Structure formats: C-alpha cells, structure tokens
Amino acid sequence: MQQPISKEGFQKLKEEWEHLKFVERPEMQRQVGAAAAEGDRSENAAYTYGKMRLRDIDRRLRELDKILDQAKVIELAIPKDGSIRFGATVTLEEETTKKQKTYTLVGVQEIDPLQGKISISSPVGKALLGKYKGESVAITIPKGTFNYTVLEILYK
C-alpha cells in the first residue's frame with residue numbers, strides 16, 4: 001500500500017538512508033573490527049556497543065527501505081476549489097474558547113506534533129480533508145468532540 005509523502009519528506013528520509021548506509025555503518029564496522037582485534041570480546045565494551053549499534057543501524061535501514069519503497073510522492077498544488085488537501089497548512093479556531101491552532105497535513109512518516117505537522121490519516125486530518133475556509137468542523141479526539149471554524153488555508 002502506497003503512503004503519501006511530500007517531496008521534501010521523501011528527500012529527508014532518503015538522505016537519512018544514505019548517511020546511515022555510506023557514513024555511519026562503515027564507520028561502525030571499522031570500530032567493531034578494531035575492538036575485535038583487541039582480543040577477548042566477552043568483556044570488550046566497545047565491541048559489544050558496536051555490534052548493538054550496527055544492529056540498530058541495520059534495523060533502521062530496513063525500516064527506511066520499506067518506507068521509501070511504499071512512498072508515493074505527492075506534488076503539492078493548490079486545489080482549484082480552495083479546499084483542504086494534503087500539504088495544506090490550516091488555522092482553526094475552537095468555537096467556544098476561541099483558541100487558535102495551526103496544523104500542516106502531511107504523510108504518516110512526516111508527522112511532527114511539536115511543529116504542528118499531523119497525518120492526513122489522523123482523526124484531525126481526516127476531519128479537515130475537503131473542508132473550506134469559514135466552514136465549521138467537528139473533530140472527535142480521545143478528550144471528546146470539539147467544534148472548530150476553518151480560519152485560513154495555506155499551501156506553501
């Protein structure tokens with residue numbers, strides 16, 4: 001199943017894969033080889049750490065392989081109808097408290113809640129897709145259902 005991702009998100013993951021494969025892994029292999037040459041491996045902390053780090057790198061490389069193979073790069077374009085789609089940055093206002101929140105709708109592999117990047121398949125993302133500026137939207141999250149008004153939709 002293909003997973004939507006922005007061009008920037010895909011490039012970031014590809015760069016991480018290349019760094020792990022061509023920089024970190026060869027360096028760690030060199031360190032493990034040097035530690036193994038020191039003799040007794042059973043009490044060699046550098047050797048033990050290096051082997052564990054190599055396993056972590058290999059695990060992440062396999063994970064990135066799978067993500068990149070399933071990725072479907074979405075070219076960000078402003079929809080002609082002005083609705084909320086993948087890549088939109090949306091500002092919402094909670095109808096009772098008047099508090100504003102801003103979210104950018106991204107693929108699962110790009111989420112970063114601290115920067116307001118949420119997945120289009122999250123409850124909030126699903127509720128926002130297809131909505132328009134000025135439209136009200138009810139969003140159900142574990143805390144309950146909240147009503148928001150779409151104040152602004154931007155595409156960068």
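Assorted remarks:
- Taking 19 Å as the straight-line reach from the Cα of K143, the lysines in range (excluding those fewer than 8 positions away in the same chain) are K98, K99, K101, K126.
- Label-to-label distance, nm, for residues given as S136 and I78 (7 Å Cα→Cβ offset): 2.9 nm
- Degrees between helix 25-36 axis and first principal axis of the chain (Cα, 0 to 90, nearest 10): 30 degrees
- In degrees, nearest ten, helix 7-19 long axis to first principal axis of the chain (Cα): 10 degrees
- Size of electric dipole in region 88-155: Cβ of Lys, Arg +1 and of Asp, Glu -1, about Cα centre, debye, nearest 20: 100 debye
- Region 31-126, dipole about Cα centre (Lys/Arg Cβ +1, Asp/Glu Cβ -1), debye to the nearest 20: 220 debye
- Residue (of Q3, A36, T97) at the positive-pole extreme of the chain, dipole from beta-carbon charges: T97
- In summary, the aspartates and glutamates within cross-link reach of K7, defined as a Cα separation below 20 angstrom excluding same-chain residues under 8 places away, comprise E15, E16, E18, E63, D65, D69, E75, E110, D112.
- Stretch gain in nm, segment R41-L68, where the contour uses 0.36 nm per residue and the Cα spacing is subtracted: 6.1 nm
- For the chain, the mean residue ellipticity at 222 nm estimated from helices alone is -12000 deg cm²/dmol, where every DSSP H run of n ≥ 4 contributes -39500 (n - 2.57) and the total is divided by all residues, rounded to the nearest 500.
Read-outs throughout are calculated quantities, based only on the coordinates presented, and are distinct from any laboratory measurement. Everything numeric here is computed off the predicted structure, so don't read it as measured data. In this analysis, Cβ positions are derived from the backbone assuming ideal geometry, glycine residues included, and neighbour counts consider all displayed protein chains.
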